[in-house]
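Trainee: Dropping a structure here in structure tokens format, bear with me for questions.
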Amino acid sequence: MDLLTKITEVRSGLDVHRAEGRTVGLVPTMGYLHAGHASLMTAAVGDNDITIASIFVNPLQFGEGEDLDSYPRDLDRDLEICRAEGIDMVFAPSVEEMYPRPVDTVVTVPTVSAPLEGVARPYHFSGVATVVAKLFSIVGPCRAYFGAKDWQQLAVIRRMAVDLSMPVEVVDCPIVREPDGLALSSRNFYLTADERAQAPVIRRALDLGIELVVDGETNPKVIESAMATKVATAPLGELDYAAAVPAETLVADSVLAGEVRLLLAVRFGKARLIDNDGAFIREV
Ligand code: PAF
């Protein structure tokens, strides 16, 4: 496995493989890898001849007062996980390599970015879209793998790739969960033992919402309020949002139909956790 820190090394390394007709898979990450990332790597390694993982804590997607400085980092452990997963190349650039000058060119996907996460973190998706566009430009034609836990991020990246005709197939992979239902996230690291014990309420609230959708509830307010009431049973959790929205646009509608996505953001102490699940409203 090659550890690369320079953009030129990635380009020249992948050029050699492409010249020999090999397909390329990309797994973009911010490091502190867990089984969720490993599942993206397993999929990418299975689908492609060569797989590259990037490890870069992207300052552009953190706002003031967020956890950029304290975001957990452990490159040696990450490299072991990449090696065990069969990754061929790891790209772990410095901030100076990715952003040698103050950034002037940014990518925004305003409609998909505005609701939900975009309300609390208005700058966030522009930072994500910009760094992912750079990674796509550095890596070139490839399949790129993202987890469904960040559903809105996935929607932003898909839209960007289509709108800008990027030569990238965006592949989404299922959420990986702890046995008690908590979605894996690098931010789970912040949870105290008591917060960790209560955090699975998020999965239970989603289950309740899914039950309502499957039973034919089309009023998003009813579903959202049921999920919020469930989250309130965990005294250490503070609800940021509970949403029941059309799966593709994520824009709130007064009556739900077709594919619905349920999304939750809940704070437990220092950790702001997000999770989601989907279901179809049955046609009658
Ligand atoms: O999901 C993440 O880890 C990040 O948002 C991503 C896609 C690697 C961009 O920095």
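The values are calculated or read from the model by the stated rules, or taken from the named source; none is laboratory data. Keep in mind that what you see is a predicted model, and the values were worked out from it rather than measured. Every residue, glycine among them, receives a Cβ derived from its backbone with ideal geometry; neighbour counts consider all protein chains shown. Accessible surface areas use protein heavy atoms only, side chains included; no ligands, DNA or RNA. Shrake-Rupley method; radii C 1.70, N 1.55, O 1.52, S 1.80 Å.
Trainee: For a test of the definition: using alpha carbon positions, the gyration tensor, and the 1.5 limit on a/c, classify the range 204-253 as rounded, prolate or oblate.
Mentor: oblate
Trainee: Across bins of 5 angstrom width beginning at 0, how are the C-alpha pair distances of the range 124-191 distributed, in whole percent?
Mentor: 3, 15, 24, 23, 15, 10, 7, 3, 0
Trainee: Then there is this: Net charge near LEU184, counting Lys/Arg +1 and Asp/Glu -1 over other residues with Cβ under 13 Å of its Cβ?
Mentor: For residues surrounding LEU184, the net value is +1.
Trainee: Something else: Not counting ligands, DNA or RNA, and with a 1.4 Å probe, what is SER12's accessible surface area in Å² rounded to the nearest 10?
Mentor: 70 Å²
Trainee: Taking only protein heavy atoms and a 1.4 Å probe, what accessible area per residue, in Å², does the range 18-92 have with all protein chains in place? The partial results should precede the final answer.
Mentor: Values: 3150 Å² over 75 residues.
Per residue, the range 18-92 has an accessible area of 42 Å².
Trainee: Tell me, what ³J(HN,Hα) does each residue in the range 157-168 have, in order and in whole Hz, if you take phi through Karplus 6.51 cos²θ - 1.76 cosθ + 1.60 with θ = phi - 60° and put x for Gly and Pro?
Mentor: With the stated coefficients, the range 157-168 comes to 5, 4, 5, 4, 5, 6, 4, 9, 6, 6, x, 9 Hz.
Trainee: Can you work out the Karplus-derived ³J(HN,Hα) for every residue in the range 258-266? Use 6.51 cos²θ - 1.76 cosθ + 1.60 with θ = phi - 60°, whole Hz, and x for glycine or proline.
Mentor: x, 7, 10, 10, 9, 10, 10, 10, 9
Trainee: Counting helices only, and only those DSSP H runs with n ≥ 4, report the 222 nm mean residue ellipticity of the chain as the sum of -39,500 (n - 2.57) divided by its residues, in deg cm²/dmol to the nearest 500.
Mentor: -11500 deg cm²/dmol
Trainee: Once neighbouring chains are kept in place and the probe is 1.4 Å, which whole percent of the accessible area of the range 153-284 is contributed by carbon and sulfur?
Mentor: Details: 3470 of 6510 Å².
Ligands and nucleic acids excluded, carbon and sulfur give 53 percent.
Trainee: Would you mind checking which residues have amide H under 5 Å from ARG261's amide H? H placed 1.01 Å from N; only 5 or more apart, or other chain.
Mentor: VAL245, ALA247
Trainee: Something else about it: Skip the ligands, DNA and RNA, and give the accessible area per residue of the range 118-187 with a 1.4 Å probe, whole Å².
Mentor: Numbers: 2710 Å² over 70 residues.
With all protein chains present, the range 118-187 gives 39 Å² per residue.
Trainee: With θ set to phi - 60°, apply the Karplus curve 6.51 cos²θ - 1.76 cosθ + 1.60 along the range 16-26 and write out the HN-Hα couplings as whole Hz, x wherever there is a Gly or Pro.
Mentor: 4, 5, 5, 4, 9, x, 8, 8, 10, x, 10
Trainee: Another one. Counting C-alpha atoms alone, how compact is the range 43-104: give Rg to one decimal and Dmax as a whole number, in angstrom.
Mentor: 14.2, 41
Trainee: Give the accessible area for ASP2 in Å² (nearest 10); use a 1.4 Å probe, count only protein heavy atoms, and leave out ligands, DNA and RNA.
Mentor: 80 Å²
Trainee: Residues of the range 224-273: accessible area per residue at 1.4 Å, in Å²?
Mentor: Here the per-residue accessible area is 45 Å².
Trainee: Take VAL106, VAL112 and sort them by solvent-accessible surface of the protein heavy atoms, 1.4 Å probe, largest at the top.
Mentor: The ranking, largest first, comes out as VAL106, VAL112.
Trainee: What percentage of the solvent-accessible surface of the range 1-112, computed with a 1.4 Å probe over protein heavy atoms, is contributed by carbon and sulfur atoms? Spell out each step's value before the answer.
Mentor: Details: 2820 of 5650 Å².
With neighbouring chains kept in place, the figure for the range 1-112 is 50 percent.
Trainee: Taking only the Cα atoms of the chain, how large is their convex hull per residue, in Å³? Before the final figure, lay out the partial values.
Mentor: On the way: hull volume 38.8 nm³, N = 284.
For the chain, the hull spanned by Cα atoms encloses 137 Å³ per residue.
Trainee: Separate question: Going by accessible area, probe 1.4 Å, with all protein chains left in place, what is the ranking of VAL128, VAL222, largest first?
Mentor: Ranked list, largest accessible area first: VAL222, VAL128.
Trainee: Non-local amide H neighbours of ASP275 (under 5 Å, H modeled in plane, Pro and chain starts lacking H): which ones?
Mentor: LEU264
Trainee: Amide H neighbours of ASP240 under 5 Å, counting only residues 5+ apart in sequence or on other chains, H built in-plane at 1.01 Å?
Mentor: Result for ASP240 returns ALA265, VAL266, ARG267.
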